[in-house]
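One structure below.
The values are calculated or read from the model by the stated rules, or taken from the named source; none is laboratory data. Keep in mind it's a predicted model, so treat the numbers as computed, not measured. Ideal geometry is used to build each Cβ from the backbone, glycine not excepted, and the neighbour counts take in all protein chains shown. These accessible areas exclude ligands, DNA and RNA; they are computed on the full protein's heavy atoms, side chains included. Shrake-Rupley method; radii C 1.70, N 1.55, O 1.52, S 1.80 Å.
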Amino acid sequence: MASWSEFAADEPRLADEIRLLLQQYGPGFGYLATVRADGGPRVHPVSPVITDDGLYCFVIDSPKRRDLERDGRYALHSFPPEESDDEAYVAGRARPVTDPGTLARVAELGRAEPLVDWRLFEFTVDVAMLTRRHQAAQPGAGRPQVRVWLDPQATAPSRRTAVAGEGRRGGRHGFDTRRPAA
């Protein structure tokens with residue numbers, strides 16, 4: 001599980017472009033997917049805070065927070081830009097932040113209200129993906145440009161597992177990382 005800073009050191013341009021999409025409207029804005037107790041997905045808008053040290057999110061007392069406390073798996077997707085269908089996606093595990101210095105620094109950066117019952121989570125990065133769709137001439141023309149980063153330190157036996165019926169290799173998150181998207 002790589003931290004945001006480890007991911008950014010390994011792929012600085014990709015990290016910068018993902019950061020720009022997540023912060024395109026000023027403060028961070030995206031959709032956080034968590035895993036409900038019954039295994040289903042739960043999606044909510046959030047305001048992630050990205051620093052040189054990490055990718056963080058304040059989560060108030062809610063089903064979403066209980067999801068993260070019970071099962072730290074998450075996916076974070078950018079809000080779509082007005083002028084394109086470009087998208088950024090990161091996924092990994094959320095872990096509670098307890099260090100008082102980190103809490104204070106990120107709370108100041110994220111303008112977190114001190115009287116609200118929130119918890120700060122740091123999101124590790126197992127996979128990061130950026131999709132650019134160039135629609136200069138006509139909408140739908142050309143293939144999207146997809147760039148994927150997988151944490152090189154993570155063990156991923158499922159990378160070697162074929163996707164049923166298609167003869168492709170699937171990445172840890174169910175998509176083929178060896179070729180451009182169709």
| task | Kindly establish whether residue 101 is open to solvent by less than 80 Å² (accessible area, probe 1.4 Å), among the small types (Gly, Ala, Ser) and out of contact with any Phe, Trp or Tyr (no Cβ under 7 Å at 6 or more places or on another chain). | result | yes
| Residue that is most open to solvent (accessible area, probe 1.4 Å), among those in segment 114-133 that are farther than 18 Å from residue 46 by Cα and touching a residue at least 12 places away in the same chain (Cβ under 8 Å) | 133
| request: Please work out if residue 106 is touching a Phe, Trp or Tyr at 6+ places or on another chain (Cβ under 9 Å) and either open to solvent by 20 Å² or more (accessible area, probe 1.4 Å) or assigned to a strand (DSSP E or B) (or both). | output: no
| Does segment 84-98 hold any residues that are open to solvent by less than 40 Å² (accessible area, probe 1.4 Å) and either of a type in the set (Lys, Arg) or within 20 Å of residue 69 (Cα to Cα) (or both), and which are they? | 90, 91, 92, 94, 97
| query | What is the number of the single condition among (1) in contact with a Ser or Thr (Cβ under 8 Å, 6 or more places away or on another chain); (2) of a type outside the set (S, T, N, Q); (3) outside any strand (DSSP E or B) that residue 93 does not meet? | reply | (3)
| task | May I ask you to say which residue of 32, 20 is outside any loop (DSSP other than H, G, I, E, B), buried (at least 20 other Cβ atoms within 10 Å of the Cβ) and hydrophobic (A, V, I, L, M, F, W, C)? | result | 32
| Of residues in segment 35-56 being free of Cβ contacts under 8 Å to residues at least 12 places away in the same chain and in a loop (DSSP other than H, G, I, E, B), the one most open to solvent (accessible area, probe 1.4 Å) | 38
| said: Condition check: assigned to a helix (DSSP H, G or I), of a type in the set (A, V, I, L, M) and free of Cβ contacts under 8 Å to residues at least 12 places away in the same chain. Does residue 9 satisfy that? | reply: yes
| request: Please determine, by comparing only the residues of segment 63-83 that are out of contact with any strand residue (DSSP E or B) (no Cβ under 8 Å at 6 or more places or on another chain) and either among the hydroxyl-bearing types (Ser, Thr, Tyr) or in a loop (DSSP other than H, G, I, E, B) (or both), which one is surrounded by the most Cβ atoms within 10 Å (Cβ to Cβ). | output: 81
